[in-house]
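S.K.: Just passing along the structure, written as structure tokens.
Since every read-out is calculated from the coordinates, none of them should be taken as a lab result. Remember, it's a predicted structure, so these values are computed and weren't measured experimentally. Counting neighbours? That spans all protein chains shown, and the Cβs are built from the backbone with ideal geometry, glycine included.
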Amino acid sequence: MQVKKQQLKMDIKQQTGSKSGKEYMKAVLSLCLFNLYSEYIMQNAGLDEAQAGIKIARRNIRYADNTSLMAESEELKSLLMRVKEESEKDGLKLNIQKTKIMTSGPIISWQIDGETMETVTDFIFSGSKITADGDRSHEIKRHLLLARKAMTNLDSIFKSRDVTLPTKVRLVKAMVFPVVMYGCESWADYKES
């Protein structure tokens, strides 16, 4: 199998007779095949070499079955139509109900195949909240609330006299701190924050 002129090799070791090993192998293979299929569609739609759209490190943002297309104008609609048409050639259908539009300017309304696409002011992508105005304070507050929920879930352990203090501290470091700090490297450092 060739992808971008490079050989793809997968070494998956499986224990003979292990059902969980077979299921794991199927899951890994399924994810790899989906990612290859998605990449194939994006390349055929011309998004990798297209001058249209905003790219981060010369790429569109894709993660698993989520794709974020960005543009400074209504060229986004043509980008989306190219992806839709190329996907349909290969048997995939764009789910209009799950497709959202976020603008930093005036709210626009688009229709594709007679269905109106929802316009949103924010969305979650790969665990981070992206807002139209670029304000990260909502994201920081969201992470603090998620961390509070993680602490609440550990309440019975914290109240237990059977669990030592060092173990409780290790639990907080392992289960709460990562929730607060996820994505923090992309947060802007403002005095108000």
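S.K.: Non-local amide H neighbours of I101 (under 5 Å, H modeled in plane, Pro and chain starts lacking H): which ones?
M.R.: Excluding prolines and chain starts, which carry no amide H, the hits are E118, T119, V120.
S.K.: I'd like the Karplus ³J(HN,Hα) series for the range 129-146: coefficients 6.51, -1.76, 1.60, θ = phi - 60°, whole numbers in Hz, and an x wherever there's a Gly or Pro.
M.R.: Once rounded to whole Hz, the list reads 8, 9, 10, 5, 8, x, 6, 8, 4, 5, 5, 5, 4, 4, 5, 5, 5, 5.
S.K.: Would you grab the residues whose amide H sits under 5 Å from the one on I112? Only those 5+ places off in sequence or on another chain, please, with H modelled 1.01 Å from N.
M.R.: M117
S.K.: Say R0 is 35 Å: what FRET efficiency, to the nearest 0.05, do M175 and K93 get from their beta-carbon distance?
M.R.: Details: r = 39 Å, r/R0 = 1.11.
E(calc), rounded to 0.05, equals 0.35.
S.K.: What are the ³J(HN,Hα) values, in whole Hz, obtained from phi via the Karplus relation 6.51 cos²θ - 1.76 cosθ + 1.60 with θ = phi - 60°, for each residue of the range 165-179 in sequence order, with x given for Gly and Pro?
M.R.: With the stated coefficients, the range 165-179 comes to 4, x, 5, 4, 5, 4, 5, 5, 5, 8, 10, 10, 4, x, 5 Hz.
S.K.: In square nanometres, what is the average projected area of the Cα convex hull of the range 72-128?
M.R.: Working: hull surface 18.4 nm².
That works out to 4.6 nm², a quarter of the Cα hull's surface.
S.K.: What is the calculated FRET efficiency for T167 to Y24, with r their C-beta to C-beta distance and R₀ = 41 Å, to the nearest 0.05? Kindly include the intermediate steps, with their values, before the conclusion.
M.R.: Values: r = 31 Å, r/R0 = 0.75.
Efficiency at R0 = 41 Å is approximately 0.85.
S.K.: Count neighbours as other Cβ atoms within 10 Å of each site's Cβ, and list the chymotrypsin sites (Phe, Trp or Tyr not before Pro) in the range 95-193 that are DSSP loop with at most 10 such neighbours.
M.R.: Details: sites: W110, F123, F125, F158, Y182, W187, Y190; in loops: W110, Y182, W187, Y190.
Answer by residue number: Y190.
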